[in-house]
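Below is one structure, written out as structure tokens; comments come after it.
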Amino acid sequence: MRDWHAMEMAMGSYGWPRRMNLRIKAMTVTILSIATIEHVLSVVGHFITADQLRTGDQDIFEYFFVVIAFPQVFAIISYSVWFGFLMQVITFASAFSWTYIDLFISVMGAGLAQRFQQVAVRVELYLDQKVSNQTLWKEVREDYVRLCILCRTLNERLSGLILLSFCSNLFYVLVQLFHSLNRIEGAVEKIYFFFSFGFLACRTVCVCLYGAWIGEESKRPLLSLNSVSPNIYSVEIRRFILHISFNPPSLSGKGFFVITRSLLLSIAGAIMTYELVLMQTFVASKMKN
């Protein structure tokens, strides 16, 4: 945050990115609200299942916590309704933490991408006005370099979270698709399945698109600079072009992959491949039974 603040102070002449506050607040409220609805649907669906499966003399909370929600926990310790509620609170917080990772990466990507967008707009403005002052071109190039350094720092801090986000989202997409092979009974269960799967897919797409937005906006000045007029071409513009061409900023998952738009197609292909394997395993187990 100190590095980000230093960048904001150095780029004060650009002003605040247009609608950034509205974008961040809308993303935060929308994603966290949907996460709340998803978790509530999950709990309600499990309660309905517990009420349908328990016998007449069984307490619904005990059946819910011991048999459905946390059987792995109460297989080790004795049942307590208060401990069951504590585990439910922990699960609720964990669900929000998982969602917040995706939200945080998306917000950071959007904030940095809009700063690169401001630099691209200024480059286009200078070219339209045929600015030949090398001092001005040096300043805008230094602003671009400053953003690249910040992006590198951000990637060093977030690459672990990015890898965790994509791995966990890919895993749960496969789990959800595998569960879809079984027949889903009840209206609440069906609503929860489609709602949860759609929300998970949308979160994955948002992380990918907002992360890739940085790379797209950082390369945007290159298209204009490559067609610069010979009358204003200078050493500073040449340095600018070389920096964009050979050192493009991006976010990555610990160096295993770089977030781009094409990564979505790679993820879709991986999901289809793994899902076919799971379907073969599922069919084989059914035939044995």
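For segment 130-145, filtered to residues that are open to solvent by less than 80 Å² (accessible area, probe 1.4 Å) and in contact (Cβ under 8 Å) with a residue 40 or more places away in the chain, the residue that is farthest from residue 106 (Cα to Cα) is 132. Given the criteria in contact (Cβ under 8 Å) with a residue 12 or more places away in the chain, surrounded by 15 or more Cβ atoms within 10 Å (Cβ to Cβ) and farther than 15 Å from residue 102 by Cα, does residue 188 qualify? When the stated conditions are applied, residue 188 passes them.
Of the numbered criteria (1) open to solvent by 40 Å² or more (accessible area, probe 1.4 Å); (2) part of a helix (DSSP H, G or I), the one residue 148 fails is (1).
In segment 231-283, what residues are among the β-branched types (Val, Ile, Thr), under 23 Å from residue 158 (Cα atoms) and within 22 Å of the chain's Cα centre (by Cα)? Before you say what the answer is, go through the steps one by one.
Residues of segment 231-283 that are among the β-branched types (Val, Ile, Thr), as a first pass: 232, 235, 237, 241, 244, 258-260, 267, 271, 273, 277, 281, 283.
Subset that is under 23 Å from residue 158 (Cα atoms): 244, 258-260, 267.
Listed by number, the residues that qualify are 258, 259, 260, 267.
Looking only at segment 65-76, which residues are more than 32 Å from the chain's Cα centre (by Cα) and open to solvent by less than 70 Å² (accessible area, probe 1.4 Å)?
So in segment 65-76, the residues more than 32 Å from the chain's Cα centre (by Cα) come out as 66-67, 74-76.
66, 74 - these are the residues of segment 65-76 that are more than 32 Å from the chain's Cα centre (by Cα) and open to solvent by less than 70 Å² (accessible area, probe 1.4 Å).
Only one of the numbered conditions (1) closer than 30 Å to residue 30 by Cβ; (2) without any contact (Cβ under 8 Å) to a residue 60 or more places away in the chain is violated by residue 165, and that is (2). Among residues of segment 236-280 being among the aromatic types (Phe, Trp, Tyr) and in contact with a helix residue (DSSP H, G or I) (Cβ under 8 Å, 6 or more places away or on another chain), the one that is nearest to residue 181 (Cα to Cα) is 274. If you go through segment 218-266 and keep only what is open to solvent by less than 30 Å² (accessible area, probe 1.4 Å) and without any contact (Cβ under 8 Å) to a residue 12 or more places away in the chain, you end up with nothing. Output the residue which, of all residues in segment 22-58 that are under 22 Å from the mean Cα position of the chain (by Cα) and charged (D, E, K, R), is least open to solvent (accessible area, probe 1.4 Å). Ranking the candidates gives 38 first. The single condition from (1) within 20 Å of residue 266 (Cβ to Cβ); (2) surrounded by fewer than 16 Cβ atoms within 10 Å (Cβ to Cβ); (3) at pLDDT 90 or above that residue 175 fails is (3).
The values are calculated or read from the model by the stated rules, or taken from the named source; none is laboratory data. Since the model is a prediction, treat every value here as computed from it, not as a measurement. All Cβ positions, even for glycine, are placed from backbone atoms using ideal geometry, and neighbour counts span all protein chains on display. These accessible areas exclude ligands, DNA and RNA; they are computed on the full protein's heavy atoms, side chains included. Shrake-Rupley method; radii C 1.70, N 1.55, O 1.52, S 1.80 Å.
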